[in-house]
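The values are calculated or read from the model by the stated rules, or taken from the named source; none is laboratory data. Computed from a prediction, not measured in an experiment: that's the story for all the values here. Here the Cβ is made from the backbone with ideal geometry for all residues, glycine too, and neighbour counts use every protein chain on show. These area figures cover heavy atoms from the full protein model, side chains too; ligands, DNA and RNA do not enter into them. Shrake-Rupley method; radii C 1.70, N 1.55, O 1.52, S 1.80 Å.
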Amino acid sequence: MAAFGAALRASKNIIAVCGAGLSAASGIPTFRGAGGLWRKYDAISLATPEAFAENPSRVWQFYHYRRESALKAEPNAAHYALGLLTQSDSRALLAPACANFKIITQNVDGLSPRAHTKLPSPEQAAASTIEMHGRIHDVICTSCEKTTFDASSPICPALAGTEAIVATGHEEAEPQIEEADLPRCKEPGCDGLLRPGVVWFGERPHRLAEIDEYVERADLCLVVGTSSTVYPAASYAEEVKSHGGRVAVFNLDRSQGDGDADFLFLGPCEETLPRALG
Ligand code: BJW
Ligand code: ZN
């Protein structure tokens, strides 16, 4: 802990690469391991363009459930601990040499920006946090490709109440919603099918050029609550290490990311991060 404190105080450019474990204490399930089942489906198998093309009704029910959970969730102590590094006054005390700090999160729940500002505008959210896998309350039109922020609950009448169906052993128990009744684009004359505004496998994550700049100059990388199995995020700690920076991993368990870690904080990050940054 003392050595980590010294590294924190000496670092000039710090990044935090975050994953689902950061929001676990806020009640948001992780993707892999025990939290990764929705109804009887593996969450990872639903987060693909192929799953959406094959069964948009099922994929929309999955995202509707997660949109509703994210609306009810509150940031936890780990989000607030990272938030201290985004504010210049608290950062001056914790990491006085640090000129730049950026949260690079794979999470789509919007909880990191909310820990820094109560109701952040998209500009305020983007300034404090790079949400590289998109935002769960954004929608993208599959026809005109326009992205819109829409946190309405429910997003359309047909999805109302489907979030309460948590487990079905029978295929027929799953509502089959017609495409015409799924969320549709409101742009005049469009009416295209909307999709969730998140980044699925095979799609390009957001703000990659900006992320690369932060990773290239980082001298300390905090890896928080991620299994480090999804690229490109999984490569950032190694990149920081390869140019002489240091890596601190905060995870409940051992993970793929911790082989090169200089500092390893095992346990719930909502406990270890406030202690390490306190
Ligand atoms: C706690 C805790 C507590 C629990 N405290 N810890 C190079 C090599 C091989 C493959 C690739 C490669 N480059 C690209 C690929 C392909 C692919 C990929 O990585 N595949 C892998 C399976 C190998 N990557 C992509 O396709 C990416 N796109 C891309 O690279 O594009 C390039 C491109 C360029 C130009 C043009 C076009 C393309 C896109 C990846 C998108 C991932 N999408 C998802 C869904 C997002 C939407 C949604 O939310 O629904 O992102 S999948 C899912 O995994 C989600 C997550 O953000 C992501 C990572 O998961 P995460 O956050 O690590 O969660 P878990 O559950 O895995 O881990 C939780 C951890 O927390 C665990 O370790 C727990 O122990 C811990 N934990 N409680 C502390 N309280
Ligand atoms: Zn449209």
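Please specify each residue of segment 1-37 satisfying the condition of being modelled with pLDDT of 95 or more and aromatic (F, W, Y). Within segment 1-37, F4 is the sole residue that qualifies.
Look at segment 26-82 and say how many of its residues are under 30 Å from A276 (Cα atoms) and small (G, A, S). The number of residues fulfilling the criteria is 12.
Kindly check whether there is at least one residue in segment 116-132 that is closer than 22 Å to L37 by Cβ, open to solvent by less than 70 Å² (accessible area, probe 1.4 Å) and touching a residue at least 24 places away in the same chain (Cβ under 8 Å). Taking every residue of segment 116-132 in turn, none turns out to be closer than 22 Å to L37 by Cβ, open to solvent by less than 70 Å² (accessible area, probe 1.4 Å) and touching a residue at least 24 places away in the same chain (Cβ under 8 Å). For segment 133-162, filtered to residues that are surrounded by fewer than 18 Cβ atoms within 10 Å (Cβ to Cβ) and of a type in the set (D, E, K, R), the residue that is nearest to Y65 (Cα to Cα) is D150. Residues considered: G197, G225. Of these, the only one that is touching a Ser or Thr at 6+ places or on another chain (Cβ under 6 Å) and either open to solvent by less than 10 Å² (accessible area, probe 1.4 Å) or among the small types (G, A, S) (or both) is G197. The set of residues in segment 72-123 that are within 15 Å of the chain's Cα centre (by Cα) and more than 15 Å from A16 (Cα to Cα) comprises A73, E74, P75, N76, V108, D109, G110, R114. Scanning segment 62-108 for residues that are surrounded by 17 or more Cβ atoms within 10 Å (Cβ to Cβ), not basic (K, R) and not in a helix (DSSP H, G or I) gives A73, P75, N76, A95, C98, F101, I103, I104, T105, Q106, N107, V108. Just one of the numbered conditions (1) assigned to a helix (DSSP H, G or I); (2) hydrophobic (A, V, I, L, M, F, W, C); (3) open to solvent by less than 40 Å² (accessible area, probe 1.4 Å); (4) out of contact with any strand residue (DSSP E or B) (no Cβ under 9 Å at 6 or more places or on another chain) is not true of V215: (4).
With respect to (1) under 25 Å from the mean Cα position of the chain (by Cα); (2) aliphatic (A, V, I, L, M); (3) more than 26 Å from R32 (Cβ to Cβ), the lone exception for A158 is condition (1). Among the residues of segment 1-32, those identified as in a strand (DSSP E or B) and in contact with a Lys or Arg (Cβ under 9 Å, 6 or more places away or on another chain) are N13, I14, I15, A16.
Within the option set E239, E203, being charged (D, E, K, R), open to solvent by 40 Å² or more (accessible area, probe 1.4 Å) and over 20 Å from the mean Cα position of the chain (by Cα) holds for one residue only, E239. Look at (1) modelled with pLDDT of 95 or more; (2) surrounded by 15 or more Cβ atoms within 10 Å (Cβ to Cβ) and you find that A53 fails only one, number (2).
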